[in-house]
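Engineer: The structure under discussion is supplied below as structure tokens; questions concerning it will follow.
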Amino acid sequence: MDVGTKTVLMCLSLLLSTNASIAAHWTTFHDARGFSISYPSNWRADPNFADLNYPDNDGNRARIEGLGLKPSIDLQPHTTLENGQTELAVEVLPHYANACTAENFLAQQPPDYESGIDKETRTFAHMSGSDPGGWYSYEDFVYLLSLKPCLAVHYFVAYATPGGEIAKGERPFDLGSLLRRFNKIRATIKITRR
């Protein structure tokens with residue numbers, strides 16, 4: 001066997017053993033809404049998750065429902081990341097939406113929040129903003145998973161606004177590292193109903 005083949009086989013062996021090790025410490029959730037997902041054992045699943053829209057003129061709050069996953073550990077200790085407000089959710093297209101697009105999985109924010117969608121395609125949307133006082137900022141990342149059923153994975157990231165009073169004394173969190181962690185979880189999603 002030549003050196004190139006040995007190298008490829010060693011890499012494959014390492015990859016398979018790493019995936020097996022990860023899978024051994026992860027939990028798989030099978031959801032009746034048409035998907036399964038695996039996640040680290042130190043995360044908690046909420047099958048009754050709902051992202052609520054800002055109330056309309058009649059006081060109604062439309063719901064974007066799905067399965068929420070939240071870490072039970074501090075993902076980046078001593079940083080500006082707001083761990084309690086950071087999570088991943090697999091969501092089902094709300095009944096009021098007229099098209100299966102990523103943007104339709106973003107909840108309407110209160111009018112006093114500074115927010116806006118700054119990147120949008122049919123299969124991806126990114127929204128960022130901050131609360132009225134500018135204390136906290138957030139980013140939402142939505143990736144369309146399936147048209148039938150219409151499902152998306154939604155990353156919710158909240159953090160103390162850089163330069164603000166709350167962020168003083170804290171290191172900036174590492175968004176790239178957090179997204180890589182979320183992407184590993186997203187890679188386990190399987191559509192089980194078409």
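Engineer: Which of the residues that make up region 163-187 are farther than 13 Å from GLU82 by Cβ and more than 20 Å from the chain's Cα centre (by Cα)?
Structural biologist: Within region 163-187, GLY163, GLU165, LYS168, GLY169, ARG171 qualify.
Engineer: How many residues, within region 124-177, are β-branched (Val, Ile, Thr) and at pLDDT below 95? Step through it out loud before you land on a result.
Structural biologist: The first filter runs over region 124-177 and keeps only residues β-branched (Val, Ile, Thr), leaving 142, 153, 157, 161, 166.
Cutting the leftovers down to at pLDDT below 95 gives us 161, 166.
Number of matching residues: 2.
Engineer: Could you say which residue among ASP51, ASP74, ASP46 is assigned to a loop (DSSP other than H, G, I, E, B) and at pLDDT 65 or above?
Structural biologist: On the way: ASP51 fails: assigned to a loop (DSSP other than H, G, I, E, B); ASP46 fails: assigned to a loop (DSSP other than H, G, I, E, B).
The conditions single out ASP74.
Engineer: I would also like to ask the following. Identify, by number, the condition in (1) farther than 13 Å from VAL90 by Cβ; (2) at pLDDT below 95; (3) surrounded by 10 or more Cβ atoms within 10 Å (Cβ to Cβ) that SER41 doesn't meet.
Structural biologist: If we test SER41 against (1) farther than 13 Å from VAL90 by Cβ; (2) at pLDDT below 95; (3) surrounded by 10 or more Cβ atoms within 10 Å (Cβ to Cβ), just (2) comes out false.
Engineer: Taking the condition of being outside any loop (DSSP other than H, G, I, E, B) and either touching a residue at least 60 places away in the same chain (Cβ under 8 Å) or surrounded by fewer than 19 Cβ atoms within 10 Å (Cβ to Cβ) (or both), how many residues in region 144-194 meet it?
Structural biologist: Applying the first criterion (outside any loop (DSSP other than H, G, I, E, B)) to region 144-194 yields 144-146, 151-160, 171, 175-186, 190-191.
With either touching a residue at least 60 places away in the same chain (Cβ under 8 Å) or surrounded by fewer than 19 Cβ atoms within 10 Å (Cβ to Cβ) (or both) added as a condition, the list becomes 145-146, 151-160, 171, 175-186, 190-191.
Looking only at that region, the number is 27.
Engineer: Right, here's the next one. Can you name the condition, by its number, that TYR136 falls short on among (1) under 16 Å from GLU65 (Cα atoms); (2) in contact (Cβ under 8 Å) with a residue 40 or more places away in the chain?
Structural biologist: (1)
Engineer: Could you please find all residues in region 89-138 being in a strand (DSSP E or B), β-branched (Val, Ile, Thr) and buried (at least 17 other Cβ atoms within 10 Å of the Cβ)? Please lay out each step first, then the result.
Structural biologist: Kept after step one, since they are in a strand (DSSP E or B), are these residues of region 89-138: 89-92, 114-120, 124-130, 136-138.
Going one step further and asking which of them are β-branched (Val, Ile, Thr), we end up with 90, 92, 117.
Across region 89-138, the qualifying residues are VAL90, VAL92.
The values are calculated or read from the model by the stated rules, or taken from the named source; none is laboratory data. Note that the structure is a prediction, hence the values are computed from the model and not measured. Here the Cβ is made from the backbone with ideal geometry for all residues, glycine too, and neighbour counts use every protein chain on show.
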